[in-house]
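Q: What follows is a single structure, and I will ask about it in a moment.
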Amino acid sequence: MSSLAVARKGESEVVDDFDRDSLHTLPLSMIPLDTPGLRRARMIKNARYESVVELFKGEGIGSGQVRVDQLTNVFSELGEEDLTVLGKLSELPSYDIYSLRIMLREQEIPVNDYAELRLSVGKQLELDQYMGAFTRPLIVQVYGDDETVQEFSDIIRLFRQPDVTKARTQLNLLAQKLDLQIWDIPQFLQDYGDTYMSVSYFRQCLDQIFPIVEGFRSALQELVQHPQMRQDRELVQMCGRMAQTVDRVLGVINNRFEVFDAGARDMWMDISAERFRKLKSLSSQITKYWGARCVA
């Protein structure tokens, strides 16, 4: 497994790809905290879907977990500023990189290096297949039929080149539609990209576990049809309830993805700041609902 070093105040902490790509772990070395002992800890969603700070973990010793409101019992030097930041982080439904970046910007929490708040190269490549339908409307909006712009990162890069007259003209029009100043457009583009990438991440999670869920449903069906087991009414009823719960959860998740996709199409047909806020709200709903189930 590869790893990247995250520099903070002259120190170096290592963040491996598992933590970087995880929905339920957040290396605190990425966050500007003043308490030295916390820089080597992680915030995680535990088996109860509670946000806790994991101080250690190892084979044979278990996981040392402390709630945020109890950290002062461990770190006497823990200041109010660190507690506030940790409290905000604990309220996040998911620690995927894109939800985290949006939250950090909204809460005006500074970070050491936003370049480190990225997925591993391998995970980014996995998500590329989900991004075409998301980035194309923005590319058309800003560049029309310009085939030289293929990826979301190209939009950010070209915007920062002042000699791209056509792009700047289109971006000025986009700013007017969004009721923003032209210099606020990079922020909008970053939020736009992170919103879509966050949803893409969760869509990939669903695609990955779907065969497992189907196998589970088939196993339940075989169980209740077994000549001996089907005589146990309580077992049959329990299996039926489990199957219904799985179907209901998948139905809700798929419905929210469909609503998000429809909202995305509508937004670009008549783009406005209000439509984008609604789209971000839908993304947040997917994160909260699906994030809990991915961790569970």
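The values are calculated or read from the model by the stated rules, or taken from the named source; none is laboratory data. Everything numeric here is computed off the predicted structure, so don't read it as measured data. For neighbour counting, all protein chains shown are included, and Cβ atoms are generated from backbone atoms with ideal geometry for every residue, glycine included.
Q: Suppose the filter is over 28 Å from LYS278 (Cβ atoms) and hydrophobic (A, V, I, L, M, F, W, C); does VAL199 pass it?
A: No; evaluated as a whole, the condition is false for this residue.
Q: Of all residues in segment 39-55, which are buried (at least 20 other Cβ atoms within 10 Å of the Cβ) and in contact with an Asp or Glu (Cβ under 7 Å, 6 or more places away or on another chain)? Before you say what the answer is, go through the steps one by one.
A: Taking segment 39-55 and keeping what is buried (at least 20 other Cβ atoms within 10 Å of the Cβ), we get 41-45, 51-53.
Result: ALA41, ARG42, ILE44.
Q: For the structure I just gave you, tell me whether SER22 is among the small types (Gly, Ala, Ser) and surrounded by 17 or more Cβ atoms within 10 Å (Cβ to Cβ).
A: Yes; evaluated as a whole, the condition is true for this residue.
Q: Continuing with this model, one more query. Can you spot a residue in segment 72-83 that is surrounded by 16 or more Cβ atoms within 10 Å (Cβ to Cβ) and at pLDDT below 85?
A: Checking segment 72-83: not a single residue is surrounded by 16 or more Cβ atoms within 10 Å (Cβ to Cβ) and at pLDDT below 85.
Q: Also, quick follow-up: Pairs only if they're at least six apart or on different chains, beta carbon under 6 angstrom, first in segment 52-72 and aliphatic (A, V, I, L, M), second surrounded by 16 or more Cβ atoms within 10 Å (Cβ to Cβ) and in a loop (DSSP other than H, G, I, E, B); list them, first residue then second.
A: Once the first residue is aliphatic (A, V, I, L, M) and sits in segment 52-72, its partners that are surrounded by 16 or more Cβ atoms within 10 Å (Cβ to Cβ) and in a loop (DSSP other than H, G, I, E, B) give VAL53/ALA41; LEU55/ALA41; LEU71/LEU78.
Q: On the given criteria, is GLY240 surrounded by 14 or more Cβ atoms within 10 Å (Cβ to Cβ) and of a type in the set (Gly, Ala, Ser)?
A: No.
Q: Determine whether segment 271-284 contains at least one residue that is of a type in the set (A, V, I, L, M), buried (at least 18 other Cβ atoms within 10 Å of the Cβ), part of a helix (DSSP H, G or I) and modelled with pLDDT of 80 or more.
A: No, that holds for no residue.
Q: Pairs, please: C-beta under 9 Å, at least 6 apart or cross-chain, first residue in the same structural domain as LEU104 (by TED's automatic domain parsing) and of a type in the set (Phe, Trp, Tyr) and in segment 27-50, second loosely packed, with under 14 Cβ neighbours inside 10 Å and assigned to a loop (DSSP other than H, G, I, E, B)?
A: TYR49/ALA296
Q: So PRO93 fits all but one of (1) outside any helix (DSSP H, G or I); (2) under 18 Å from ARG40 (Cα atoms); (3) within 25 Å of the chain's Cα centre (by Cα); (4) not hydrophobic (A, V, I, L, M, F, W, C); what number is the exception?
A: Checking PRO93 against (1) outside any helix (DSSP H, G or I); (2) under 18 Å from ARG40 (Cα atoms); (3) within 25 Å of the chain's Cα centre (by Cα); (4) not hydrophobic (A, V, I, L, M, F, W, C), the one that fails is (2).
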